[in-house]
Amino acid sequence: MLTKRIIPCLDIKDGRTVKGINFENIRDAGDPVELAMLYSLQGADELVFLDITATVEKRKTMVELVKRIAFHINIPFTVGGGISSVDDVAVLLQHGADKIAVNTAAFKDRALIRELGNAFGSQCVVLAIDTKKEADGEWYVYLNGGRTRTGTKATDWAKQAVDEGAGEILLTSMNNDGTKNGFALDITATLSGALPVPVIASGGAGTLLHFKEVFQTANADAALAAGVFHFMEIEIPRLKQYLSQQKIPVRS
Amino acid sequence: MKIAVIKYNSGNVQSVKYALQRIGVTAEVTDDAATIQMSDKVIFPGVGHAGPAMSYLKEKGLDKIIVSLKQPVLGICLGMQLMCSHSAEGDTACLGIFDSEIKLFGSSAFKVPQVGWNNIYDYRSVLFDGLHEGDFVYTVNSYYAALSAYTVAKTDYIFPRSAIWLFWRTLQQLSIWSSILEEV
């Protein structure tokens with residue numbers, strides 16, 4: 001039986017793991033290679049690496065870090081941050097990434113997802129969406145690490161991206177990010193129900209119950225978290241034991 | 001022992017190379033026909049799109065080489081799929097080592113691609129020595145290959161009796177390990 005995935009996320013800034021609240025107030029959370037090795041050993045199902053300050057100059061450093069992490073882990077490894085071309089992806093795959101995540105560049109260049117899918121297969125292309133619920137109750141897409149608002153609804157963009165060939169959606173709620181008040185169950189459930197591809201829920205994990213809710217109530221295929229794992233508030237083996245007791249299929 | 005990992009510019013070859021390094025094996029990632037032919041074992045890795053992958057193999061003349069190899073060859077994911085006769089991904093003619101078609105999962109009730117860890121069971125090969133019935137493997141696939149006489153393990157997705165099969169057999173002295181799936 002296909003199991004639900006627990007995915008620790010390394011947000012990387014200047015070579016260090018960092019963690020913010022609502023995409024702001026960023027603080028240091030440790031050495032990315034050490035954390036990656038720990039999570040792999042603890043039974044994480046995948047690892048996501050997002051370079052949150054990706055620029056052309058820093059790309060080389062990032063590729064080296066991707067290589068070091070990939071060498072030390074034996075779980076699938078998704079890399080995102082500043083990816084805007086087929087060449088960017090080819091370099092990352094050559095350095096040990098298994099999948100890549102695109103965000104802003106895919107929104108601005110509507111041909112990018114299709115180009116990447118044609119070159120590497122849809123299964124390699126994860127579309128990351130940062131979304132915020134606004135006063136009108138709708139979820140809107142934000143770009144550039146949450147700094148730029150668009151007038152596009154998250155559901156519309158996700159559907160379009162899947163039509164273009166995105167193989168998976170990584171959905172981060174900016175309202176919930178870093179709050180530890182639980183995942184955004186409404187938009188996760190909406191997207192999971194509307195899309196034919198897997199949805200990874202991200203933002204807001206604080207307790208074991210939050211993971212149960214996002215799988216059982218919102219039907220997420222995977223749950224991604226950062227802070228609760230980095231600061232050892234939740235340990236992956238304990239989380240999986242709990243989910244298993246709650247009749248949620250997980251890899252033991 | 002010399003191991004060649006076939007380079008076709010779309011596989012996550014580095015991931016395979018690192019896995020080998022962790023168990024103390026050095027492998028060469030190469031698209032050079034002579035190097036591949038002279039290696040003791042060959043790995044044909046995954047991640048990619050069938051169309052561009054086949055074009056690249058043809059451009060390098062590797063389509064002819066791979067089918068003629070006599071040493072053990074391990075096909076992973078797309079590597080395995082390319083060993084079959086045809087893929088629905090880009091309506092691509094493949095290497096034809098196995099008389100099997102690669103099809104797109106068709107289901108409105110299940111997510112496609114299948115992404116995550118799934119069980120494999122019903123082992124019928126020494127390849128699985130040391131594994132337990134029901135152990136987990138990671139799968140990322142939108143396409144599957146038809147069940148065949150070569151299958152040696154299975155897993156379920158979408159249809160209750162569907163199964164992915166891994167297979168290992170000698171075909172023209174070519175040993176191949178692969179994953180394959182079909183509705184039964």
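Laboratory data are not the source of any read-out in this text; all were calculated from the coordinates shown. What you see is a predicted model; the values in this text were computed from it and never measured. Neighbour counts are summed over all protein chains in view; Cβ atoms, including those assigned to glycine, are modelled from backbone coordinates with ideal geometry.
Residue by residue through region A:206-214, which ³J(HN,Hα) values in whole Hz follow from phi under the Karplus form 6.51 cos²θ - 1.76 cosθ + 1.60 (θ = phi - 60°), with glycine and proline marked x?
My calculation for region A:206-214 gives x, 9, 4, 4, 4, 5, 4, 4, 5 Hz in order.
Report the Cα-based extents of region A:129-252 along its three principal axes, largest first, to the nearest Å.
Sorted from largest, the Cα extents of region A:129-252 read 41, 28, 22 Å.
Restricting to the protein assembly as shown, what percent of DSSP beta bridges are antiparallel, rounded to 5?
Counting DSSP beta bridges with both partners in the protein assembly as shown, the antiparallel share is about 45 percent.
Inverting the mean 1/r over all pairs of different Cα atoms, compute the Kirkwood radius of region B:11-98 and quote it in Å.
Mean inverse Cα-Cα distance, inverted, gives 13.3 Å.
What are the equivalent ellipsoid semi-axes of region A:5-245, built from the alpha-carbon gyration tensor (square roots of five times its eigenvalues), in whole angstrom, biggest first?
Values for region A:5-245, descending: 23, 23, 17 Å.
Got the relative contact order for chain A handy, in percent, Cα pairs under 8 Å and 6 or more residues apart?
Computed value for chain A: 19 percent relative contact order.
Taking 0.36 nm per residue of sequence separation and subtracting the Cα-Cα distance, how much length would be gained by fully extending the chain between A:Thr61 and A:Thr148, in nm to one decimal?
Separation in residues times 0.36 nm, less the Cα-Cα distance, equals 28.7 nm.
Among A:Ile73, A:Ile169, rank each residue by its count of other Cβ atoms within 10 Å, from fewest to most, as a rough exposure measure.
A:Ile73, A:Ile169
Need one number: % antiparallel among DSSP beta bridges in chain A, to the nearest 5.
Among the beta bridges of chain A, antiparallel pairing accounts for roughly 30 percent.
For the protein assembly as shown, count the residues as N, evaluate 2.2 N^0.38 Å, and divide the Cα radius of gyration by that value, please.
Relative to the rule-of-thumb radius for its length, the protein assembly as shown sits at 0.95.
Quick one: Karplus J couplings for region A:12-17, per residue in order, coefficients 6.51, -1.76, 1.60, θ = phi - 60°, nearest Hz, x for Gly and Pro?
10, 9, 6, x, 10, 7
Where a ≥ b ≥ c are the square roots of the eigenvalues of the C-alpha gyration tensor, would you call region B:54-144 rounded, which needs a/c under 1.5, or, failing that, prolate if a/b is larger than b/c, or oblate?
In terms of gyration-tensor shape, oblate.
Among A:Ala220, A:Ala111, A:Ala166, determine the one that fluctuates most according to a GNM of chain A built with springs between C-alpha atoms less than 10 Å apart.
A:Ala111
Pull up all non-local amide H partners of A:Asp11: gap of 5 or more, or a different chain, and H-to-H distance under 5 Å with H placed in the peptide plane.
A:Val18, A:Leu50
Which whole-number percent gives the relative contact order of region B:1-91, counting Cα pairs below 8 Å spaced six or more residues apart?
Once normalised by length, the contact order is 32 percent.
Ranking A:Val126, A:Val63, A:Val79, B:Val67 by Cβ neighbours within 10 Å, fewest first, what do you get?
Fewest-to-most Cβ neighbours within 10 Å comes out as B:Val67, A:Val63, A:Val126, A:Val79.
When the dipole is taken about the Cα centre of chain A, and only Lys, Arg (+1) and Asp, Glu (-1) are charged at their Cβ, what size is it in debye, to the nearest 20?
Dipole magnitude for chain A comes out near 320 debye.
Sort B:Phe128, A:Phe77, A:Phe231 by Cβ crowding within 10 Å, fewest neighbours at the top.
So the ranking, lowest neighbour count to highest, is A:Phe231, B:Phe128, A:Phe77.
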